[in-house]
Amino acid sequence: EPTDDQESYNRYKDLISTLPTQRWGPCGDDLHQHHGFWFPPFPLEGLMAAQDHFVARPTDVILVTFPKSGTTWLKALTFATINRNRADVAEPNHPLSMLKLNPHECVPLISFLYNDGRLPDLDSLHGPRLFAEHAPFSLLPESVLGSGCRIVYLCRDPKDNLVSLWHYMLAQARARGLAQYHSFDEVFELFCSGISMGGPMWDHVLDYWRESLRRPERVMFMKYEQLKGDTGGCLKRLAEFIGCPFSEEEEREGKVEEIVEMCSFERLSELEVNKNGRIGIGSTEIENKDFFRKGVVGDWNRHLTAEMAERLDRITEEKFRGSGLKF
Ligand code: A3P
């Protein structure tokens, strides 16, 4: 007898099999178009399950990013901040766990929690619960919008985002021993037309931008470039937004700088777990080092021709015109 869970998951699989599909990227994996956005099948099934079953709490904090815009960094910073006063080092969410775990092990994606073909028990987690998600605003589980929980959104200059995405997918193609499916030029063309993992990027960014203007107490909007330029300032704003502001005393003691340093690219990428560890994502294993490439602003310069950069900038300008958002 199939359980209710299995029946639901079979329904999601059936639905996915009817969606427009496109082979994409260096790995040539399938992307499926669902409500205007392109998803790999693995998180899509989990997202559908989360939409039906995830119950948000007002105290939840959800980190939402467009893939490859700095998710790993944001997870590390928020995890270390929200848990900074935990005293017991044996607790899994003690901030020092971060020195033994990859940030993706510290803060799970909601759709990943829901995609094992059965529903996870998230009720037993003590608040404030910290989750991450890549879904577009329009596809967040309904209870997230109704619950009053807080969403921190991070995105990045599309040029750097594309370059980061390319390198990440290329590393995966190599790790999986695949012959490269798309070239960089092909991935560029598709990205411009809105086809990439999670794309169209501009729609993803704009929906969260508009929501952050409509409900600034619920959605905090950040750019990777801002975070890079003033990590401490952004972290203070973030801490306040999620309801655990740094006290004057903590600031005097250098707590902000301590967390910034602990989560810096240099520090995290040198940890044993991030040099040699791996995490499982769906049926594939990712080497943690692939989450740390360069961590700088403007590396697109070495990968895009001037024409490509201009073209992407023009698309961004057109899409964001009138919104008040710029890169
Ligand atoms: P690059 O490929 O440009 O180096 P995500 O975490 O969303 O997968 O995004 C990955 C990008 O964030 C990569 O960008 C990675 O190097 C960068 N990154 C990872 N950790 C970082 C950190 N602690 N500080 C700054 N950038 C970081």
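Restricting to bridges with both residues inside the chain, how much of the DSSP beta-bridge set is antiparallel, in percent to the nearest 5? Walk me through the intermediate numbers first.
Working: 11 of 26 bridges.
Just about 40 percent of them are antiparallel.
Check TRP38: other-chain or 5+ apart residues with amide H under 5 Å from its amide H, H built from backbone geometry?
HN-HN under 5 Å from TRP38: SER196, GLY198, GLY199.
Just report the Cα centroid separation between the range 5-73 and the range 105-175, whole Å.
If you average the Cα positions of each part, the centres end up 9 Å apart.
Could you tell me whether the range 1-66 comes out rounded, prolate or oblate from its Cα gyration tensor? Rule is a ≥ b ≥ c as square roots of the eigenvalues, rounded for a/c under 1.5, then prolate if a/b exceeds b/c, otherwise oblate. Before the final figure, lay out the partial values.
Details: a/c = 2.51, a/b = 1.19, b/c = 2.12.
Oblate shape, in that a/c is at least 1.5 and b/c is the bigger or equal ratio.
Cα convex hull of the range 249-300: mean projected area in nm², to one decimal?
Values: hull surface 21.9 nm².
Mean projected area for the range 249-300: 5.5 nm², to one decimal.
In what order do TYR168, TYR224 fall by count of nearby beta-carbon atoms within 10 Å, going from fewest to most?
In order of increasing Cβ crowding within 10 Å: TYR168, TYR224.
Order of ASP123, ASP60, ASP299 from fewest to most other C-beta atoms within 10 Å?
Fewest-to-most Cβ neighbours within 10 Å comes out as ASP123, ASP299, ASP60.
Between the range 313-327 and the range 234-263, what's the alpha-carbon centroid distance in Å?
32
If we sort 103-113, 175-185 on the protection proxy, mean other Cβ atoms within 10 Å, highest first, what's the order?
Highest mean packing first, the order is 103-113, 175-185.
When N counts the residues of the range 42-128, how does its alpha-carbon radius of gyration compare numerically with 2.2 N^0.38 Å, as a ratio?
With N residues counted in the range 42-128, Rg over 2.2 N^0.38 Å equals 1.13.
Just the ratio, please: alpha-carbon radius of gyration of the chain over 2.2 N^0.38 Å, N its number of residues.
It is 0.97.
For GLU240 and LEU213, what is the calculated FRET efficiency with R₀ set at 22 Å and r taken between the beta-carbons, to the nearest 0.05?
0.75
We did not get these values from a lab; they are worked out from the coordinates using the rules stated. This one's a predicted model, so the numbers in the text were calculated from it and none came from an experiment. All Cβ positions, glycine included, derive from the backbone under ideal geometry; neighbour counts span all protein chains shown.
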